[in-house]
Amino acid sequence: MTLLSYKNLFLYFYILLCLVIICNVSSAKKLQKRDLTSCLADVQGTLVYPNSPGYNADLIDENIRVNYTPSVIVYAKIVADVQFSVYCASSLNMSISARSGGHSYEKYSSAGAIVVDITNLNQIVINSTTNTAIIGAGNRLGPIYYTLSQAGFLIPAGTCPSVGIGGHALGGGYGLCGRKYGPALDSILSMDLVDPTGRLITVNKDQYTDLFFALRGAGANNFGIVTSFTFKIYPTPPSVTSISLTYALTNIQNVFNVYHQLGSSLPDDLSFSIVIDNGSVEFQGVYLGTQTNANQILSQFITQSQPTSTKFTEESFFNSVVRWGFQQENGTINPYHSPSDFKAKSFYVKSPGLSAAGVQSLITFMQGLPTTCPTYAIFDLYAGGATNNVPANATAFVHRDVFYSIELFTTLNGDNATNQQCFNQLNSFSETFQANYTDYSCYQNYIDRDLTDWQTRYYGSNLPALIAVKKIYDPNNVFSYAQSIPLV
């Protein structure tokens, strides 16, 4: 046989091999599609596929800047539906994600090929004897606050009523009463988790202790799907006082001087933020007590910071939730999404606080953005509160020794070109701002796909332990997305 014949024979077999591979890939894709449907056949909840009438509407959540197209959305009716979904993802080698409130800043809760929506897992069972509550992971903060308040209790958590407790508590959960009781994750006593094999396990300080560490701070779509929490709950005081102090922007440096000087020494019954928004500055806080006491506690702060107006409102705890959620009561009890195109950044600042140059840098940036990109900054005070009292390695939430956090939030309301300009300016500014004025760390609940070295910034010295837990419980990386805990 001539050399040319060998070449022709080789070419013939090469083409034949390619055709076989193409056919097998095509068959595998068809088989996977057929197997997904049959694999989920025992799910009791609603299944929404790309050809289902409500598919596009069901993809819309809080963030419309990022979009994914999952193969199916599973509206879990019972915990077994979550188990079926995880088993199918594992056996079919498909990615999976859990969606609680749909507030992931990068829409990672919808990033899986299989999206498990757990909003129907919304039971709340209160035990007033033990001061505990079993709270389904599909609940949103507004209904949780309302139901607990009806029984005379609260949990420490954020202000936005439509945020789901699932991702919120697993990543941190700072907000109302944060200085008194810490972030929501510090009040978690136990969790029911569907692990990457589809098994339902209970995780607490006595069993699966490594997972108990990891879930509290790094639990969102990393090690399984939490279906319910047992929280420690706290009695609501007879009344609380909502506080608003407003300032001229020209007084910003003085406000921060007083903030830095007095903030950490204020009683932990007072939790508050400094908010810079639309050329104004406001102190927004809740004091767990009477207006008379709140006035006394803040007298020096007010004298030195010189607000242009002050407002103290004594009210029930739930009414303060309604106030600072910026909704009506019905919108708090029955929350809804307000979809928008946005991008957010986060920073932590350690004592003694942001320098005057840092404050001015932030103001200059905010004033330099196009008017179609309104931007606000929220400074949440940690100092002098419960968050500081927990060791950094006690949970996966490493951000303990900090003065305050900063959320920088930009809404992109312009045309495509202007939005891209604002997006680029925000990313560029944030890198420079963090390099020059803030700590290296960032808050994982304000997740940011453009953040460099995000593993270290979110998890710090706890990262090696989290990788070790990932290797034990999810060695096949069933729960994987762009910023999930890695295996190496």
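Once you've got the Cα coordinates, tell me which of LYS205/LYS471; LYS180/LYS471; LYS180/LYS232; LYS107/LYS350; LYS350/LYS470 are over 24 Å apart. As for pairs spanning more than 24 Å Cα to Cα, those are LYS180/LYS471; LYS107/LYS350; LYS350/LYS470. The simple spin-label model puts a point 7 Å past each Cα toward its Cβ; for ASN436 and GLU329 those points are separated by 4.9 nm. Region 384-460 and region 277-302 have Cα centres separated by 26 Å. Centroid-to-centroid, using Cα positions, region 474-488 and region 138-192 are 27 Å apart.
Each peptide in 154-164, 323-333, 337-347, 78-88 receives the mean, over its residues, of other Cβ atoms within 10 Å, and ordering these scores from highest gives 154-164, 78-88, 337-347, 323-333. Helix 463-473 and the longest principal axis of the Cα set of the chain meet at an angle near 50°. Working note: 222 nm ellipticity from helices only, DSSP H runs with n ≥ 4, each -39,500 (n - 2.57), summed and divided by the residues of the chain, gives -11000 deg cm²/dmol to the nearest 500. Between THR202 and THR250, the FRET efficiency from the beta-carbon distance, with R0 = 56 Å, is close to 0.50.
Hey, what's the chain come to in accessible area per residue, 1.4 Å probe, Å²? Per residue, the chain has an accessible area of 42 Å². Residue ranges 229-240, 213-224 sort as 213-224, 229-240 when ordered by packing (mean number of other C-beta atoms within 10 Å per residue, highest first). When Lys and Arg each count +1 and Asp and Glu each count -1, what net charge do the other residues less than 15 Å away from VAL82, Cβ to Cβ, add up to? Spelling it out: positives minus negatives among the neighbours equals -2. Please state the shape class of region 365-488: rounded when a/c is under 1.5, otherwise prolate if a/b exceeds b/c and oblate if not, all from the C-alpha gyration tensor. Since a/c reaches 1.5 but b/c is at least a/b, the shape of region 365-488 is classed as oblate.
With K and R counted +1 and D and E -1, the other residues having a Cβ less than 11 Å from that of THR332 yield a net charge of +1. Highest mean packing first, where packing is the average number of other Cβ atoms within 10 Å per residue, the peptides 116-126, 165-175 line up as 165-175, 116-126. Rounded, prolate or oblate: which fits the chain, taking a ≥ b ≥ c as square roots of the Cα gyration tensor eigenvalues, rounded meaning a/c under 1.5, else prolate when a/b beats b/c? In terms of gyration-tensor shape, prolate. Helix 141-150 sits at what angle to the longest principal axis of the chain, using alpha carbons and giving 0 to 90 degrees rounded to 10? Long axis of 141-150 versus the principal axis of the chain: about 50 degrees.
Here the Karplus curve 6.51 cos²θ - 1.76 cosθ + 1.60, taken at θ = phi - 60°, turns the phi angles of region 208-215 into couplings of 6, 5, 5, 5, 4, 4, 6, 5 Hz, with x standing for Gly and Pro. How far apart, in nm, are two points set 7 Å out from the Cα along the Cα-to-Cβ line at TYR55 and at ASP42? Those two pseudo-labels are separated by 2.6 nm.
When the Cα positions of TYR174, VAL478, VAL286 are compared along the charge dipole of the chain, VAL478 comes out farthest toward the positive end, with charges on each C-beta of Lys, Arg, Asp and Glu.
The values are calculated or read from the model by the stated rules, or taken from the named source; none is laboratory data. Note that this is a predicted model, so its numbers are computed, not measured. Cβ atoms come from the backbone with ideal geometry, glycine included; neighbour counts cover every protein chain shown. Heavy atoms of the whole protein, side chains included, go into the accessibility calculation; ligands, DNA and RNA do not. Shrake-Rupley method; radii C 1.70, N 1.55, O 1.52, S 1.80 Å.
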